[in-house]
Structures are given as C-alpha cells and as structure tokens.
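The values are calculated or read from the model by the stated rules, or taken from the named source; none is laboratory data. Keep in mind it's a predicted model, so treat the numbers as computed, not measured. We place every Cβ from the backbone using ideal geometry, glycine too, and count neighbours over all the protein chains shown. All accessible areas refer to the heavy atoms of the entire protein, side chains included, with ligands and DNA or RNA removed. Shrake-Rupley method; radii C 1.70, N 1.55, O 1.52, S 1.80 Å.
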Amino acid sequence: MKKSIILLALGVAALGFTSCSDDPDAPETNALAAPVFDTPVVADVNATITWADVDNANRYIYTLNGGPEQTVTEAKIELTDLTPSTDYTLRVKASRAESVLFTDSEWAEIKFKTTAPIVVAKVYHVDTFADDWDKWFYEYNDDWTVKRIFRTADGTREGDLDREWVFAYDGNKIEVTGKNNYHITLNDKGLVEKFADEWDTCEYTYDEDGYMIQCVKNGKVAVNIDVQDGNIMRWSKLKDGNTVWKLHTYTSTPNVSGMHATTAEGIGASRWLVETGLFGKGSANLHATIQWDYSETASTYTFDLDADGAVTAEHKKYGEDVENFFYTYVTE
C-alpha cells in the first residue's frame, strides 16, 4: 500500500501539477493582464489600434463608443467607416476562450479623434476667358500643357475662326505661332523665364512658391512685384522717370480657381496668355481694391462664384466705368 502511494505521488509530480499562477494547468483561476496600447494610427474615416500580445490570451473583446462587444484574435483592430473630426473611445480586454483557469482582464481604454475630411483639391484650367467684347477658347494636351488658344467671330467655340495661337513644345522651348509669334523659354518649374515677340524680350523672376516678383524688359527692370502670403500687395513701374506703385487689398475669400486678374501690367504678355498659368500663380485670395499710390480713386472688385468657389465672373468698377470678365474651366 505504501509503495502505491509513493508511486502515485511521483506520477503527479512528473505531470507538473503545481500551484503557480502563470501555469495554464494550475488548479486556481488567474486574471489576464490588461492590454497596453501602442500609439494609434488615425485618419479621417479609419483608425488602426494595436497593443502588445497578452500572455495566455487567445482573443480580445472590444467595444467602440459603448457599442456591442466584438472579438478579434490578434492584438490589432482595424476600424473603418468612421466619421471625420469625431471623438471615439475604444475599450479592449484580453480573454482566453473556453478556459476555466483564466478570467478576462480588466478593460483597457483608449481615446482618439479622427482627422478632418480629406479634400482632394481640383486643379483648374481655364476653358474660356472673356471680357465685354471678346472671348478666348483654350485647348490642352494630355499633360495639361496648353495646346491652342483661339477666338471666333461670333464668340462660340464652333464659330468662324478670328484669331488663333498654336503652341509647339521642344523641351523647355515653346514656339507660339498664329496671329502673333512668340518665342518662350521655360524655367525648371515650367514657368516662363523668357518671352519674346518681334518687338520686345522680357525675362522673369519668381519666388520659391511660383509667384512672379520681377520683369526685366529689353534689359531694364520694368516691374517689381511685392508678394506676401501668396498675394500681390503692390507692383511698380516708371512714370515720368519715377517709380510709382499700384497697391492691392484683398478679401478673405480664397482664389480657388487661380484666376490671374491681378497680374501686373507691363510684363509683356496679354491677359489671355497669362491665364494659362505659364507666368506664375494668381494671388491666393480675391482682391478687393487696386489703386495707384498717386491716385485718389481705386478700382473696386466683386465676383460671382460657382458652388465650389471658383470665379465665374469678375466685375471691376472705376468711377462710373465697369468692366466685366468671365471664366469657365476644365478640371483635373
């Protein structure tokens, strides 16, 4: 009998039954450790929440903003279809399914907020540009470089051709032929560095953001332009041998479509050509007034906008005179 008892005791020991709390075969019940979260990865409509694996857990139970309990088997939750700019609370606990030896952990909680909605900005290209008398039509190559600009006798795209300019590219050179012939050299940002016709040659300097800041005409400085926060604040020309400035003020309304109405006069290119964007960016905001520093009268401006905030019409008033300019666009 004693020999049997001893053998039984040795057998129990050999099977490894002990009372250690981290032993999955221990006879007592053990509470699992609570998850410890990593830094969440959060976007506008989704989030990824991870944590270190919890010893002896084979699943994790979670709730989002007090919703129903759900289960994952990895230490990771991919949340989708969230609402942008919204606060969320995620609670997670470790669990071991079908175990009498381990109980669920305490809930671990993490709070996060989704980011603002991602808005993909449209890239605008002028499709038509018109004043009170004429209308120009624009065509583009597949890479959105300008291909052709033309006018018609009746102001419709299908009307009889009145004037035409065709753009031919050779590296950083553009030859424009038609009503007028232009020779253009582009800089490394694709903006006009040199512009020549049969009378004049203009050279241009831009700031690092692509706004024109100077024009040199036939070797002499013709225009200096001060740009602040993307807006032309003033630009200069010579008047009777003296430097005079044209001063600009702005509204808080962004120039969504990049229209170029405030491009300085005297830079050599007509406004219909500047509207291609080849001569740098239009101001960041819509202008309110433009006035020579020696004049008591300013030109004032109002705009018509479409549902996306793009300018469809610009109305310039100087004293009793009113000029109107009209735009349509194609977008990338």
Original post:
In segment 129-140, which residues are among the hydrophobic types (A, V, I, L, M, F, W, C) and open to solvent by 40 Å² or more (accessible area, probe 1.4 Å)?
Top reply: Trp133
Original post:
When both residues are 6+ apart or on different chains and their Cβ atoms are under 6 Å apart, which pairs have a first residue that lies in segment 55-75 and is free of Cβ contacts under 8 Å to residues at least 60 places away in the same chain, and a second that is in a loop (DSSP other than H, G, I, E, B) and crowded, with 17+ Cβ neighbours inside 10 Å?
Top reply: Asn56/Arg96; Ala57/Leu32; Ala57/Arg96; Asn58/Arg96
**OP:** Being under 19 Å from Leu247 (Cα atoms) and either open to solvent by 20 Å² or more (accessible area, probe 1.4 Å) or touching a Ser or Thr at 6+ places or on another chain (Cβ under 6 Å) (or both) is the filter here, so list the residues in segment 272-286 that pass it.
**Re:** Lys281, Ser283, Ala284, Asn285, Leu286
**OP:** Residue by residue through segment 136-161, note down the ones that are without any contact (Cβ under 8 Å) to a residue 60 or more places away in the chain, within 24 Å of Asn255 (Cβ to Cβ) and outside any loop (DSSP other than H, G, I, E, B).
**Re:** Phe137, Glu139
Original post:
Can you name the condition, by its number, that Thr289 falls short on among (1) open to solvent by 30 Å² or more (accessible area, probe 1.4 Å); (2) of a type outside the set (Lys, Arg); (3) free of Cβ contacts under 8 Å to residues at least 24 places away in the same chain?
Top reply: (3)
Original post:
What's the number of the condition Ala222 fails, among (1) modelled with pLDDT of 95 or more; (2) among the aliphatic types (A, V, I, L, M); (3) farther than 30 Å from Asp306 by Cβ?
Top reply: (1)
**OP:** Could you run through segment 103-123 and say how many residues are at pLDDT 95 or above and either open to solvent by less than 50 Å² (accessible area, probe 1.4 Å) or farther than 30 Å from Tyr62 by Cβ (or both)?
**Re:** 5
Original post:
How many residues does segment 121-144 hold that are under 22 Å from Ala284 (Cα atoms) and hydroxyl-bearing (Ser, Thr, Tyr)?
Top reply: 2
**OP:** Determine which single condition Val126 fails, assuming it passes every other condition in (1) of a type in the set (A, V, I, L, M); (2) under 30 Å from Trp144 (Cβ atoms); (3) open to solvent by 20 Å² or more (accessible area, probe 1.4 Å).
**Re:** (3)
Original post:
Do you know which of the residues in segment 206-228 that are farther than 17 Å from Ala261 by Cα and among the charged types (D, E, K, R) is least open to solvent (accessible area, probe 1.4 Å)?
Top reply: Asp207
